[in-house]
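Please read the structure below before turning to the comments.
Only the coordinates and a few stated rules stand behind these numbers; no lab work does. Here the structure is a predicted model, which is why all the values come from computation and not from measurement. With ideal geometry, Cβ positions are generated from the backbone for all residues, glycine too; neighbour counts draw on all protein chains shown.
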Amino acid sequence: MPVQFNEPLNTLQRMCEELEYCELLEKAADTPDPFQRMVYIATFVVSIYTFSYYRIGGKPFNPVLGETYECDRPDKGFKFVAEQVSHHPPISACHAEAKDYVFWQDLRCKNKFWGKSMEIFPIGTTNVHLPKFGDHYEWKNVTSCIHNLLSGPRWIEHYGEINIKNNNSDICQCKITFIKSKYWNPRVNEVEAVITDRKGKVIHKLFGKWNEAIYCGEPPLATCVWKANTMPVDYEHHYGFSKFAIELNELEPSLKALLPPTDTRLRLDQRLLEEGNVEAAAEQKKRIEELQRERRKELEEKNLTHQPKFFRKTSDDTWVSNNTYWELRKDPGFSQLDFPKLW
């Protein structure tokens, strides 16, 4: 795919972008009532889709096998690491830790083209653990569809149901419905959710728009649980990035010395595109893709398989952190370790 169709962020960074509204997880971790906790968890799940409303113009760069990304945000209270653990099929894994929650995800998707539109079917699972209460929430994301791929203004919608379950308790569950738009119905981007007890009794109702806000209760007395952040000035001319998205690719000299050479921020093609040098970005993208093909060929000739550094496969075929990244970063430091040359 020509680099002109990309945005200067990577799929691994987009996974981190799902934590833009991580304060909802902090609220959940500080809420004794299990039904109200589920309100915050469900709202967090909806907030994950907010960025997509502004970002249909560009596709994130595909990570190459072995590529990594870290995001240490003391101001937001979390440390995040992601790695491209498989190329065929493409699988990205991530893990984030904070004082009161753990977030991890195994991302894999299938796409289906319909001529003028494309549907994206996520297959992996997303998890949140709240140690204080022993909760382990798990869910699978809904289908996304990008319309008007070839002509006209592009727009995206998400539709289907998300069922959030707590693997360690059946006290409550939640079903979120992303409503599919219809030609004769002006309702777009709407979501509804119900939180029920173990007998199926509805305890809370949520409604709103995934790109704007979520409310709990019945109108007109419903209360606002979450509202999307205001977009930066001129965001339309900067790939539709939010302030949080812009910060994902920042690279201070002091940080550069600590990163492994496989970190996304060190990719030349992505950095050159961010700087507006499209021609040079295209050349580097081609070179990086060729290097990946050469590494894959070398592994095949030696009858070897790629071994991810920071994630491991579980017995149920999902990928989870091996909890080594931050310790190795500290001692002996990534400069003392061997990494493949990705670019």
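If I build a Gaussian network model for the chain, linking alpha-carbon pairs within less than 10 angstrom, which residue out of H147, H88, H238 has the largest mean-square fluctuation?
Fluctuation is largest for H88.
Divide by every residue of the chain the summed helix terms, -39500 (n - 2.57) for each DSSP H run of at least 4, and state the resulting mean residue ellipticity at 222 nm, rounded to the nearest 500 deg cm²/dmol.
-6000 deg cm²/dmol
Taking the Cα centre of region 63-207 as origin, work out the dipole magnitude from +1 charges on Lys and Arg Cβ and -1 charges on Asp and Glu Cβ, in debye rounded to 20.
In total the dipole reaches around 640 debye.
Students often get this wrong: which residues of region 45-77 have the backbone nitrogen under 17 Å from the point 7 angstrom along Cα-to-C-beta of E250?
What the label zone holds, given the 17 Å backbone N cut-off, is 70-77.
For each pair in K112/K256; K76/K182; K302/K341; K165/K330; K79/K110; K116/K182, compute the distance between the two Cα atoms and list the pairs where it is over 27 Å.
K112/K256; K76/K182; K165/K330; K79/K110
Using 0.36 nm per residue of separation minus the Cα-Cα distance, give me the extension gain between E161 and D72 in nm, one decimal.
The span from E161 to D72 would gain 28.8 nm if fully extended.
Classify region 248-343 from the C-alpha gyration tensor, please: rounded if a/c falls under 1.5, else prolate or oblate depending on whether a/b exceeds b/c.
Oblate is the answer for region 248-343, as a/c is 1.5 or above yet b/c matches or exceeds a/b.
Please state, rounded to one decimal and in Å, the Kirkwood hydrodynamic radius that region 133-254 gives when every pair of distinct Cα atoms enters the mean of 1/r.
Computed over Cα pairs of region 133-254, the Kirkwood hydrodynamic radius comes out at 17.4 Å.
Under a cut-off of 20 Å between alpha-carbon atoms, report the aspartates and glutamates in cross-link reach of K286, not counting same-chain residues fewer than 8 places apart.
E7, E67, D263, D269, E274, E275, E294, E298
Using label points projected 7 Å from each Cα along Cα→Cβ, tell me how many nm separate E289 and Q4, to one decimal.
1.5 nm
Using modelled amide H (1.01 Å from N, peptide plane; none on Pro or chain starts), what sits under 5 Å from the amide H of L149, excluding residues fewer than 5 places away?
Here S117 satisfy the definition.
In sequence order, what are the phi-derived ³J(HN,Hα) couplings for region 167-178 according to the Karplus relation 6.51 cos²θ - 1.76 cosθ + 1.60 with θ = phi - 60°, rounded to whole Hz, with x for glycine and proline?
Using θ = phi - 60°, the values come out as 5, 10, 6, 10, 4, 8, 9, 9, 10, 9, 10, 8 Hz.
Rounded, prolate or oblate for region 1-117? Axes are the square roots of the Cα gyration tensor eigenvalues, ordered a ≥ b ≥ c, and the cut-off for rounded is a/c under 1.5.
prolate
Which whole-Hz ³J(HN,Hα) couplings does region 223-234 yield from phi under the Karplus relation 6.51 cos²θ - 1.76 cosθ + 1.60, θ = phi - 60°, glycine and proline marked x?
10, 7, 8, 7, 9, 5, 5, 5, 6, x, 4, 6
Give, rounded to the nearest 20 debye, the magnitude of the charge dipole that the chain has about its Cα centre when Lys and Arg contribute +1 at Cβ and Asp and Glu contribute -1 at Cβ.
For this selection, approximately 860 debye.
Which number do you get for Rg(Cα) / (2.2 N^0.38 Å) in region 3-247?
Its radius of gyration relative to the 2.2 N^0.38 Å reference: 1.00.
Provide the gained length on full extension for the span K59 to K205, in nm with one decimal, where the gain is 0.36 nm per separating residue minus the Cα-Cα distance.
In short, 49.1 nm is gained.
Hey, which aspartates and glutamates would be in cross-link range of K27, C-alpha to C-alpha under 12 Å, not counting anything within fewer than 8 residues on its own chain?
The reachable aspartates and glutamates, counting only those whose Cα sits under 12 Å from K27, are D100.
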